[in-house]
1. Mind checking whether some residue in segment 125-147 is within 16 Å of the ligand (Cβ to nearest atom) and part of a loop (DSSP other than H, G, I, E, B)?
2. Of all the helices (runs of 4 or more DSSP H) wholly in segment 153-233, which have at least 1 residues that are over 14 Å from residue 245 (Cα atoms) and more than 16 Å from the ligand (Cβ to nearest atom)?
3. Name the residues in segment 19-54 that are buried (at least 24 other Cβ atoms within 10 Å of the Cβ) and either out of contact with any Pro (no Cβ under 9 Å at 6 or more places or on another chain) or of a type outside the set (Gly, Ala, Ser) (or both), would you?
4. Would you call residue 116 farther than 20 Å from residue 364 by Cα, assigned to a strand (DSSP E or B), away from the ligand (no atom under 16 Å from the Cβ) and touching a Leu at 6+ places or on another chain (Cβ under 6 Å)?
5. Six or more apart or on different chains, Cβ atoms under 6 Å: show the pairs whose first residue is in segment 154-172 and in contact (Cβ under 8 Å) with a residue 60 or more places away in the chain and whose second is surrounded by fewer than 12 Cβ atoms within 10 Å (Cβ to Cβ).
6. Could you tell me how many of the residues in segment 189-218 are surrounded by fewer than 19 Cβ atoms within 10 Å (Cβ to Cβ), of a type outside the set (Lys, Arg) and closer than 17 Å to residue 339 by Cα?
7. Would you mind finding the one in 306, 283, 321, 270 that is closer than 19 Å to residue 155 by Cα and crowded, with 19+ Cβ neighbours inside 10 Å?
8. Which residues, counting only those in segment 165-214, are more than 17 Å from residue 299 (Cα to Cα) and touching a strand residue (DSSP E or B) at 6+ places or on another chain (Cβ under 6 Å)?
Amino acid sequence: MRNLSILGSTGSIGKNTLEVVSRHRDKFRVAALAAGNNVELLEAQIREFQPDTVALFDKSAAERLRGKNLPVEILAGEQGITAVATLEGVDMVVSAIVGSAGLVPTYEAIKAGKDIALATKEALVMAGNIVMSEAAKRGVSIIPVDSEHSAVFQCLDGKRMEEIEKIVLTASGGAFRNRSVQELQNVTPAEALNHPNWDMGKKITIDSATLMNKGLEVIEAYWLFNAPLDKIGVILHPQSIIHSMVKFIDGSVISQMSVPDMKGPISYALSYPERFAHVLPSLDLAEVGELTFDEPDLEKYPALALTFQALNEGGTMPCVLNAANEIAVEAFLGERIPFMDIPRIVSDTMSAHEVTKGETIEEVLAASEWAKGKAGEFVKNGNEK
Ligand code: MG
C-alpha cells in the first residue's frame, strides 16, 4: 500500500489522479489532500477518500470547511499546504498545484524525502537546478506527470545521453493553430480556452495557445532529463497522439502514443515501473487515420523563442519568464490585454531583468515576485497608451 499526498486535488490533474486511485484502492491510500479554495469539491473528496489531513490555501475557505465538522485534520495557508507535502508516513507526493505557488511545497516534499509525481512544471522552470540537486542528494525519484515528459521518460527508459540525438516534444498548437498572426490580435479568452484535444485548467490552456506551455516544457525537460539545450526540440503535431519522441544517433526514433487523456501519464507515474491494465481505451490507429507534423512558426509563437533565450541566459531568467507569463495570462483572461501582448509583456520583463545565479529558493522567489510586479506595470502601462 502506497500512501499518497495530493497537492492541487481539486484541479484537473488532482481530479484525474483521484479517479486513477479510485480504480486501485488496493494499491493506494490517500493520506492527505491540499487545494486552493474549492471547499465543496474538497469536502466531497474527503467523504470519498477519507484522508487524515487536508489543507486549503485560502484561510477563510479552511474556516468554512472546519464548520462542516468532518473527521479530518484541516490546515490552512502556505504552511498548511507544506505540512500536507511533508506529512509523515506519505510515500509519494503528487505535485499538481498550478503555477509558481507549487514550488515551495514541492521543494519541501523533496527535502522530506518524498518521491514526487510531478505535474507542477513551474518547480523545475523556476528552480530546476536547486530542485534536481536536492532530489539527487535525498535519493528522491521525480516521475513526470506532464504527458510529454512521461512520453520521453518511457522512450528513454534508462538510455544514455550519448546515444540520444534529440528529445522532440510534440505540441498540438493549441486553439489557434489554424489562425494567422494577424488574426491572433483580436482573439478572446473564450476562444483561447477552447482547446481542441486536451481538457485542462485555464492557465495551461492559454499557455497552449501561445505555445508558452511548450516553452516551459522545454525548460522542464532540460532539468528532468539533464539534456543539453541543443538536444531538445519541438514539433507541431495537431492530433496529440504522439506525446513526444526521442531520436537516437543511429537514426532510430522511439515515440510514445495513446489517446490524449491525462489519466495515462498519471497512472504511469503512480504505477512505475509497472503498468496498470486498461487505463485508456486501446489506440486505434486506423481510426485516427493520419498523423501530421509541422515546424512551429516562431513569429506566431514568440513564447517558444523566449524560453530558449531564457534558458540560454540561465540563472533567474527562466523564473522571471514564468512569473511574467502568469501575470500576462491573468491579464488576458481578465480582458485587460490583447492575446499577443502576453509574449510582449514576458519579453519586456525579461529585458528589464538583471540575471543572478538563482542558487537558493529565496533568491528564486524574490526574482519571481520582482517579475510579477514588473509585468504588472507593463500590463498597466499598455492599457494607458
Ligand atoms: Mg504537457
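1. So far as segment 125-147 goes, yes, one or more of its residues are within 16 Å of the ligand (Cβ to nearest atom) and part of a loop (DSSP other than H, G, I, E, B).
2. Where helices (runs of 4 or more DSSP H) fall fully within segment 153-233 and carry at least 1 residues being over 14 Å from residue 245 (Cα atoms) and more than 16 Å from the ligand (Cβ to nearest atom), they are 189-192.
3. 30, 33, 35, 42, 51, 54 - these are the residues of segment 19-54 that are buried (at least 24 other Cβ atoms within 10 Å of the Cβ) and either out of contact with any Pro (no Cβ under 9 Å at 6 or more places or on another chain) or of a type outside the set (Gly, Ala, Ser) (or both).
4. no
5. These pairs meet every condition: 163/249; 165/249.
6. 6
7. It is 270.
8. The answer is 165, 166, 167, 168, 169, 170.
The values are calculated or read from the model by the stated rules, or taken from the named source; none is laboratory data. Computed from a prediction, not measured in an experiment: that's the story for all the values here. Methodologically, a virtual Cβ is constructed for each residue, glycine included, from the backbone with ideal geometry; neighbour enumeration extends over all protein chains shown.
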